[in-house]
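The values are calculated or read from the model by the stated rules, or taken from the named source; none is laboratory data. Everything quoted here is computed from the prediction, not taken from an experiment. Reconstructed Cβ throughout: ideal geometry from the backbone, glycine too, with neighbour counts over all protein chains shown. All accessible areas refer to the heavy atoms of the entire protein, side chains included, with ligands and DNA or RNA removed. Shrake-Rupley method; radii C 1.70, N 1.55, O 1.52, S 1.80 Å.
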Amino acid sequence: MSLSAGPLALSLNVVLLFLAFFTAVLVGWLLGRRRNVAVEPALSSMLFLGVLGARVGFVLLYLEDYLEQPLSILDIRDGGFFLPAGLAVALVVGLFYAWRRPTLRVPLGVASVVGAGTWAATAGIIGVMYTTQANLPALTFTTLDGEKTSLEPFEGRPMVINLWATWCPPCRREMPVLADAQQSEKDIVFLFINQGEGPNTINQYLEEEQLGLDNILLDQQSYTMRQLGANGLPSTYFFNSDGELVDTHFGALSSASLKSNLRSIKP
């Protein structure tokens, strides 16, 4: 779900998107060179306007949530994108270029198909590999009261596992959203597994932020990150009632993006 390079961690979806784009650019450049046409500007426009269209589509789907904080519409760090809208916009942009410049049709069409195929193939293969390998962590955790526990008492219901730490700014930004969801979504178990910190640090943070969170578990050795393959914080995992991983999210969640992810595990 993410790749790390030192202190920098990137969503795997973003990495795969740019891999597909650069593959398309390479193919477009090779074909365009033979016809003495530049394909890269058209591909760049398709990417930019497609991403913009996907964002606008997602915002419209969850407009009520975004209108509560209008500036959050611009904060794409929540990962809120509606793929069908983005693909539709990219297709329209590509058709417009092909209509205006007939010499672009073959290289642009082939490059677009190769890029889309690269993205679909890599995302699909990695998604299948990841979801079949990721299971609920069979680990022992400590509660804020110092008691030992596992995830077994929480099994049998849809579950959201959030990996976080108090020093992590995106974790702190999304925590009120998760706290509200825990209170409103009674059919879903929300578990907050802190990575690497002790109870005093966590209790001080909760008191300062006036957050009432249930199901806070401590993993002071960060075993959960290793078992689930997380390379950065916050990382959130969405399991259905059968304990199967259905969706993941790297980075801070907004109210809208959380609702989108919860739809995949609601009974």
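If the condition is being at pLDDT 90 or above and surrounded by 19 or more Cβ atoms within 10 Å (Cβ to Cβ), then segment 225-244 contributes 225, 233, 234, 235, 236, 237, 238, 239. Taking the conditions exactly as written (basic (Lys, Arg) and either open to solvent by less than 50 Å² (accessible area, probe 1.4 Å) or in contact with a helix residue (DSSP H, G or I) (Cβ under 9 Å, 6 or more places away or on another chain) (or both)), does residue 35 satisfy them or not? In short, yes.
If you check 242, 247, which single one turns out to be assigned to a strand (DSSP E or B) and among the acidic types (Asp, Glu)? Of 242, 247, the one residue that is assigned to a strand (DSSP E or B) and among the acidic types (Asp, Glu) is 247. Criterion applied to 266, 259 was being at pLDDT below 90, in contact with an Asp or Glu (Cβ under 8 Å, 6 or more places away or on another chain), charged (D, E, K, R) and open to solvent by 70 Å² or more (accessible area, probe 1.4 Å), and the one residue passing it is 266.
Every residue, every condition in (1) modelled with pLDDT of 95 or more; (2) open to solvent by 40 Å² or more (accessible area, probe 1.4 Å); (3) out of contact with any Pro (no Cβ under 7 Å at 6 or more places or on another chain), yes or no:
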residue	(1), (2), (3)
46	yes, no, yes
53	yes, no, yes
59	yes, no, yes
76	no, yes, yes
82	yes, yes, yes
99	yes, yes, yes
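Here is a yes/no grid of residues against (1) open to solvent by 60 Å² or more (accessible area, probe 1.4 Å); (2) farther than 30 Å from residue 244 by Cβ; (3) assigned to a helix (DSSP H, G or I); (4) touching a Lys or Arg at 6+ places or on another chain (Cβ under 6 Å):
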{"position": "87", "(1), (2), (3), (4)": "yes, no, yes, no"}
{"position": "93", "(1), (2), (3), (4)": "no, yes, yes, no"}
{"position": "121", "(1), (2), (3), (4)": "no, no, yes, no"}
{"position": "125", "(1), (2), (3), (4)": "yes, no, yes, no"}
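Take residue 150 and decide whether it is surrounded by 13 or more Cβ atoms within 10 Å (Cβ to Cβ), out of contact with any Gly (no Cβ under 7 Å at 6 or more places or on another chain) and of a type in the set (Ser, Thr, Tyr). In short, yes. Of all residues assigned to segment 181-194, none qualifies as being closer than 20 Å to residue 141 by Cβ, buried (at least 21 other Cβ atoms within 10 Å of the Cβ), among the aliphatic types (A, V, I, L, M) and modelled with pLDDT under 95.
For beta carbons closer than 7 Å, sequence separation of 6+ or different chains, a first residue in segment 195-210 that is part of a helix (DSSP H, G or I) and a second that is of a type in the set (S, T, N, Q), the qualifying pairs are 201/166; 202/166; 202/194; 205/166. Here residue 251 passes the criteria (1) touching a residue at least 40 places away in the same chain (Cβ under 8 Å); (2) on the phi > 0 side of the Ramachandran plot; (3) surrounded by fewer than 14 Cβ atoms within 10 Å (Cβ to Cβ) except the one numbered (3).
Do you know which residues across segment 211-226 are more than 18 Å from residue 238 (Cβ to Cβ), of a type in the set (A, V, I, L, M, F, W, C) and not in a loop (DSSP other than H, G, I, E, B)? 216, 218, listed by residue number.
Of the residues making up segment 87-109, none is touching a residue at least 60 places away in the same chain (Cβ under 8 Å) and touching an Asp or Glu at 6+ places or on another chain (Cβ under 9 Å). Taking the condition out of contact with any Phe, Trp or Tyr (no Cβ under 9 Å at 6 or more places or on another chain), among the acidic types (Asp, Glu), farther than 22 Å from residue 264 by Cα and open to solvent by 10 Å² or more (accessible area, probe 1.4 Å), does residue 209 pass? Judged against the criteria, residue 209 is a match.
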